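The values are calculated or read from the model by the stated rules, or taken from the named source; none is laboratory data. Bear in mind the structure is a predicted one, so any value in this text is a computation, not a measurement. We place every Cβ from the backbone using ideal geometry, glycine too, and count neighbours over all the protein chains shown.
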Amino acid sequence: MIFNEKTIKLKDGSTCHFRNPKAEDAGEMLAYLRTCAEETNFLLRTVEECTETVEQEAKHLTAINESPLHMMMVATVEGKIVGNGLIVFNKRLRISHRASIGLAVIKAYWNKGIGRALLTELIEFGKAKGLEQIELEVVAENARAISLYRKFGFEFIGTRQKGIKLTNGTYFDEHIMILNLTGKE
């Protein structure tokens with residue numbers, strides 16, 4: 001799905017541009033994904049799992065943009081990809097009222113308002129598509145992300161114990177959170 005491009009002002013006064021990633025962004029997108037994976041244990045993918053070729057990533061980005069069930073946006077500052085957000089809609093009729101989201105920002109751009117702005121755009125996009133709820137999973141130790149999600153009204157509905165296992169054998173629990181978009185219980 002296509003996202004309408006947008007430029008926002010960040011907390012430090014700089015600007016950030018949101019747009020769909022293009023096939024020609026594939027190399028930079030792979031570098032961005034590797035950086036994110038290196039900087040935190042709170043993402044599902046390890047840096048060792050970032051093995052796609054530029055050609056594979058270009059096909060993946062094209063497929064996302066052409067998909068009726070996915071919308072990805074990247075956040076760029078001075079032309080550099082520094083964050084991304086993804087919303088995945090459900091094809092099945094009985095669960096088509098809900099979607100899942102994910103987002104990440106590289107550490108050098110934390111605390112500038114990019115995560116908040118990405119989340120805002122994902123929620124607004126979902127509302128415009130008629131969603132009733134948005135779901136996400138977050139590592140229980142990721143206090144920064146949980147705080148952000150709670151500010152937007154996401155609520156805990158459960159915990160998957162030992163949902164994440166690091167390569168060193170450490171486990172993290174994973175919280176499941178939902179944002180109700182209808183205002184009804």
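Is it true that F172 is over 28 Å from E48 (Cβ atoms) and either free of Cβ contacts under 8 Å to residues at least 60 places away in the same chain or of a type outside the set (D, E) (or both)?
no
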Residue count for the stretch 38-87, restricted to those that are of a type in the set (G, A, S) and touching a Cys at 6+ places or on another chain (Cβ under 6 Å) = 1
request  = Tell me, yes or no, whether the stretch 117-138 has at least one residue that is without any contact (Cβ under 8 Å) to a residue 40 or more places away in the chain and more than 20 Å from F89 (Cα to Cα).
outcome  = no
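Against the definition (of a type in the set (D, E, K, R), at pLDDT 95 or above, assigned to a loop (DSSP other than H, G, I, E, B) and within 25 Å of E48 (Cα to Cα)), how does E141 come out, yes or no? It would help to see each step written out before you state the result.
Details: of a type in the set (D, E, K, R): yes; at pLDDT 95 or above: yes; assigned to a loop (DSSP other than H, G, I, E, B): yes; within 25 Å of E48 (Cα to Cα): yes.
For E141, the condition - of a type in the set (D, E, K, R), at pLDDT 95 or above, assigned to a loop (DSSP other than H, G, I, E, B) and within 25 Å of E48 (Cα to Cα) - is met.
So how many residues does the stretch 105-120 have that are in a helix (DSSP H, G or I) and surrounded by 20 or more Cβ atoms within 10 Å (Cβ to Cβ)?
Going residue by residue through the stretch 105-120, those that are in a helix (DSSP H, G or I) are 107-109, 114-120.
Of the ones still in play, those that are also surrounded by 20 or more Cβ atoms within 10 Å (Cβ to Cβ) are 114-115, 117-119.
Looking only at that region, the number is 5.
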task = Look at the stretch 144-185 and say how many of its residues are farther than 17 Å from T46 by Cα, among the hydrophobic types (A, V, I, L, M, F, W, C) and in a loop (DSSP other than H, G, I, E, B).
result = 3
request  = Select from the stretch 54-78 the residues that are within 10 Å of A23 (Cβ to Cβ), free of Cβ contacts under 8 Å to residues at least 40 places away in the same chain and of a type in the set (S, T, N, Q) and list them in ascending order.
outcome  = T62
